[in-house]
Every structure is written in structure tokens, then in C-alpha cells.
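Worksheet: the structure to be examined is printed underneath.
The values are calculated or read from the model by the stated rules, or taken from the named source; none is laboratory data. These figures come from a predicted structure and were not determined experimentally. Neighbour counts run over all protein chains shown; Cβ positions are idealised from the backbone, glycine included.
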Protein chains: 2
Amino acid sequence: MKRLNDVILLAHGDGGLLTHQLLEKYFLPSFRNDLLAPLSDAALFEMQAGSMAVTTDAFVVYPIFFPGGDIGKLAICGTVNDLAVSGAKPLYLTASFIIEEGFALSDLERIIVSMAETCHEAGVSIIAGDTKVVGRGQADKIFITTTGVGCLLPEADVGYHRIEPGDVVIINGPLGNHGLSVLLARESFSFKTKIYSDCAPLNTMTEDLLKQFKGIKFMRDLTRGGLATNAKEIALSATKDIRLDAAAIPVDDEVKGICETLGLDPLYLANEGKFLAIVSGKEADTMAAYLREQWGAGRASIIGRIDEGKGDLYLKTYLGGTRRLQMLAGAPLPRIC
Amino acid sequence: MKRLNDVILLAHGDGGLLTHQLLEKYFLPSFRNDLLAPLSDAALFEMQAGSMAVTTDAFVVYPIFFPGGDIGKLAICGTVNDLAVSGAKPLYLTASFIIEEGFALSDLERIIVSMAETCHEAGVSIIAGDTKVVGRGQADKIFITTTGVGCLLPEADVGYHRIEPGDVVIINGPLGNHGLSVLLARESFSFKTKIYSDCAPLNTMTEDLLKQFKGIKFMRDLTRGGLATNAKEIALSATKDIRLDAAAIPVDDEVKGICETLGLDPLYLANEGKFLAIVSGKEADTMAAYLREQWGAGRASIIGRIDEGKGDLYLKTYLGGTRRLQMLAGAPLPRIC
């Protein structure tokens, strides 16, 4: 039986004494930095003039701990990566917690430490935060919303408008590991596997790539909805067709096997450390090789190309046929991020 | 019985087709603006060089509709006001939604419209957002996290370090209306009252005040924990004592009456349109009068003063005695914001 002082109480969320103790004992030891002003209404920071980027995401992943990550690591990577693929250098994050009464403080601590480690890896700081507590049964353990602010990299010139026929689609590694690792961590599954979430911050990689390759025209991290949903969305927004080649798309054998067993398609599974880049044809081979050699992305691959069109997404199947792909619809994997 | 297409489904949160339809049909018609890039990973905006402020808050108020407001209006006001009292001009907001499966789309629409109206009133735009759906019983209807970015006003020079003995504490109106209106809107109460939440954006008022009165040294909005908790926190952070005068603190008669009946103290109730300013003694009377005359804040009042000390908060009672006040502890009013 958990003791009262091992768990989150409603009073931890009332803005009073226990809220302050929670801050002092759990959040500040891991998150402390020069800009974090825990007793102020807002955090202040200095910026150079220029273009800035902002993004926000709520994280509700279930279960909160899974092979290769947890909701805290995910909340940092997800927001960092949204800025990274937009061509921005992530600088500052805010983090807002909604916690269910009775949540173990030891789990909260583990999540906070994981967030701090991931921030360190990505070179970002959490400079503002908030904690709310809701009663038992009014939330499922813990939800985290992160918002990220960054500055646009001068080298970056990415956007739907730059995508042209003849451009090439590159991804930085195999697909489906995050989605499947989370799914298999649920009570209802009893597979023993070596599948780990690919959850990782991508910003140092994308920043380097943007410096090395002027031909990068667009990037997108392949989270909810997976490669297929995101590629379809890009095709529609760019009013071009995208043609993917199934044989070229890297998927780990174990992921492939379990997906076949469960009737899942790795092209629709969420990833948290994978992105696609749309690159001018002449730089594509060099960039894929650079990813493999300089970034250890052993399975970075050219997986398709851009064609004239109205926004269709086509997949060349293993058997040489062509299939039109749509966005994920109707068979959701809820709470995958 | 609600039909399937009247409510939020799990598939509205899977990043696929229904997520896009939700965006197109509900969010974009109200939130559309030049910077909102619904199909991008991040929103871009231009900034001048200078000091910026950022703040974030999760909103979990229960019930989501209450006299004088709703969770959407609250989510805009709360974040706008945190920037405002920090001396910043709020510019851009992000909004992240966690919605329970089965939530009525008509309620979502009502909340979105209310958010858009409040943004318009405050002169801010929502430029990035996210929606996640969790299963029935995994959240209570809807939670909203807003993050705000603003630029520090050149006129603003506010901070704990500026608070000195002889400074005066001003508030812009009566206390307790928000907390009590939310509490009375819960099923367990059957009072018929005319108490409305004071929920309102304060930024145009604070911006004007900062321009008019150089003697404003500190501001704080009196949300969770109310006047007492916030004043105690300020006293501790400034290492000064604060002495409040109960007879000078405005509380509406009806609020006072119901608080007495229920055993609540209005000094600890949350407000969403009230702030305290700590002002140099010589500007205090002029500023209180300015609030009353120019801003229609009829009950704006000088309610106390700053003294040498170590961070104590004292209340001169109606009977002339002096009571030491502490932060809210042990009798929380959960989900008041």
C-alpha cells in the first residue's frame, strides 16, 4: 500500500504549500537553469532579431514507460523534432503537467529525470512550467504538454513550395519501432521482443544536414500516422505526387514479422526518431551516404521520388505493382504519443 | 443518444483523416490567421531583437462551462494575464487539447469560439496547436494547455528586487468571484446566485498602466491560491513583509455571504481577472483613482503596504487585531482553473 507522502495529492495542484514543495523537491533539482523562474508568472529570455519557430504537442502515451523511452523523453523529443524539421534550432521549452491524484512520486521523478537528460542531449532548456492535479479517474496517470521555441537556421530554406518533380525522398532509418514498442508494452500483449522505441532528438542531425546540403527542400518527422499519412499530407500540400518504393523502405525484420502477425502496416506506425527529407535529385545519394557514414544511420535510404501530380501517394509494391495510399483512417492506434 | 458523428472519436486523435477533418471543420474556421500553419510542424514568426517572455499553463477546470466563462476563455485569459503581469505584451499563443472520447463536438465548438473571441479581445493569435484524444474515462471531458509568447514592454521594470518598504499594494477589484462561481456550478451545490467569474484578459490594462505609472514595481495575477497565497509568495521572494488591511480588501457582499456559509475565505479563492500591483507610495493614490476612473474598475483599492521583514504576510482584521497568513494548505479546491 502506498503511503500518502509517496503519491500525488489533490493539494499538490492547489498552488499552495504542497505545490511549492513539489517544485522544490522534484522539478527544480532536474530542471534548474538560469532562465527558469519558478516563482514568476513568465520566464524571460533574450532573442536576436529574426525568424522564430514555435510548436506545441500534448503527450498522452500509454503506457507511460515503454522499451526505449517514456512519456517524458517523448515529450522533449517530439517538440524538439518538430522544430528541427522546420529548419529551426530549438532553444527553449515549456512543460505543463496534468497528473492524476494517487500517481506515484517515484514515477514522476523518473519522468522528470528522463526529460532533463533528453533536454541535455538536445541542448535545450525548460524555462517555464505548470502542474495541475485532477482527481482519481479524471486522467490516466500523467499527461505532458511541451511547447518549444527556436530560431530559424539561416541555412534553412524548407517548405512545401520548394518541392519539385525530380526531388528525392530520403529517410534516416527503419520505420515502425516506436509504434510497435508502445503497443507491445500494453498489458494485452505478451510478445517477447527486442523492439525499442526510436525516440531521440534529431536537432543536431538536422542542423548539420542543413549546413551540408543546400538541396534539402522539406523535412517532416514521421510521428502519428507514420510515413504514409505524413507523405500523403505532404503530397496534398505541395500538389505533387509522391512515389514510394516498398522494397527501398527500411523496416527491421522483427517489426515486419510482428506487423504481419498483428495485421499492422509499418508505413502507418508512429516513429519518434525518424524523419523524411525531400532533397534535390543531385544531392540525394551524397546525403544518404552522409547519414549512414557520419551519423551512423546505417539504414538511411532513398525511398521514393516526387512527380508531377495533384497530391497522390503511390507505393510500388514488392511484386512490382502500384498501390495508391491514403491517410490513416478508421483503425487508430490511440495514445501512441 | 448522441450519434457517432456528433462526438469525438478515438480516430479524431490518430493524426489521420479524421484529425484533418476536425481541424478543417472546427479549429480553422475560428482560429485562422496568417501565421497559423495547420499542416506544418511549427509556426514561424518574426521578432525584433529584445527581451521576450514565455509562460505555460494547463487548464483542467471543472465544470468546463461556468457563469462568466468556460475552459476556453480561461485558457486564453490565464496565459495572456501571466505575460501581462510580467510586463510583457502577449503576442502569440499555442493551444494543445486533450479530449476524452465521446466529448460532444458541439461543446468543442462552443469552447473554440469562446477562445477565438477572447484572443480577439486580448489582441493575440493562436499560431500552433495540437489535439490528442484519449479513451472514455481516461480524461474528464477536455483539458487545454496554452503557452504564450510576448515581448517585454520597454516601460516595464518589474521584479521582486524592486519591492521596497513604503511601497503600496493595489488590487483592481473584488476577490473570489471566479473560484466561487466555479465551485457553485458543480452539481453538489444548489445555490441560486448572481456570482460570475471575473475571467478577463488584463493585458491592455496592464500595458496602459505601465506607460502611465513608472512607480509600478511588481504585478501578479491572483489565480490559484488567491490573494493570500500569492502575497505570501511575493513576501518570501522579496524578503519583505506585506501587511494587508482586511477592511480595505474589496469582496462582493454575495461572495462574502456564501463564503461565510461554506466556511471559505475569499482571500484564498482563485481570481481570473484580478491582479495586485506593488507601487511606489507616492503614485499609489493616483493609480488607484486612474483604475477606477479610466478603466471602470470601480472597486480598485489600496489594500496594504510593504514593510521591512523576512517574508511574513500579515492581515489587520476587521476587529483591529493582526493575523499572520500562510499559503493555502490542506483544504484544496481542485480544478478551479
Quick one: count up the residues across segment A:104-119 that are within 15 Å of A:Cys199 (Cβ to Cβ) and either of a type in the set (Gly, Ala, Ser) or without any contact (Cβ under 8 Å) to a residue 40 or more places away in the chain (or both). 1
Is segment B:41-54 home to any residue that is out of contact with any Phe, Trp or Tyr (no Cβ under 7 Å at 6 or more places or on another chain) and either part of a helix (DSSP H, G or I) or closer than 15 Å to A:Arg224 by Cβ (or both)? yes
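Any residue in segment A:318-337 that is buried (at least 17 other Cβ atoms within 10 Å of the Cβ), modelled with pLDDT under 95, closer than 30 Å to A:Leu262 by Cβ and among the β-branched types (Val, Ile, Thr)?
Yes: one or more hits.
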Being touching a residue at least 12 places away in the same chain (Cβ under 8 Å) and outside any loop (DSSP other than H, G, I, E, B) narrows it down to one of B:Leu175, B:Leu210, so name that one. B:Leu210
Among the numbered criteria (1) modelled with pLDDT under 95; (2) part of a loop (DSSP other than H, G, I, E, B); (3) within 14 Å of chain A (Cβ to nearest Cβ), which single criterion is violated by B:Tyr62? (1)
Identify, please: which residue in segment B:139-159 is in contact with a Phe, Trp or Tyr (Cβ under 8 Å, 6 or more places away or on another chain) and of a type in the set (S, T, N, Q) and is, among those, farthest from A:Asp41 (Cα to Cα)? B:Thr145
Looking at segment B:192-201, can you tell me whether even one residue there is part of a strand (DSSP E or B), touching a Leu at 6+ places or on another chain (Cβ under 6 Å), touching a residue at least 60 places away in the same chain (Cβ under 8 Å) and not assigned by TED's automatic domain parsing to the domain that holds B:Ala116? no
Within segment B:13-40, tally of residues that are in a helix (DSSP H, G or I), of a type in the set (D, E, K, R) and either at the interface with chain A (Cβ under 8 Å from one of its Cβ atoms) or buried (at least 18 other Cβ atoms within 10 Å of the Cβ) (or both): 0
Selected residue [within 29 Å of B:Phe45 (Cβ to Cβ), of a type in the set (S, T, N, Q), in the same structural domain as A:Leu93 (by TED's automatic domain parsing) and out of contact with any Gly (no Cβ under 7 Å at 6 or more places or on another chain)] from A:Ser40, A:Ser30: A:Ser40
Test B:Ala53 against the criterion of being in contact with a Ser or Thr (Cβ under 7 Å, 6 or more places away or on another chain), crowded, with 24+ Cβ neighbours inside 10 Å, of a type outside the set (S, T, N, Q) and under 25 Å from A:Gly50 (Cβ atoms), and give yes or no. yes
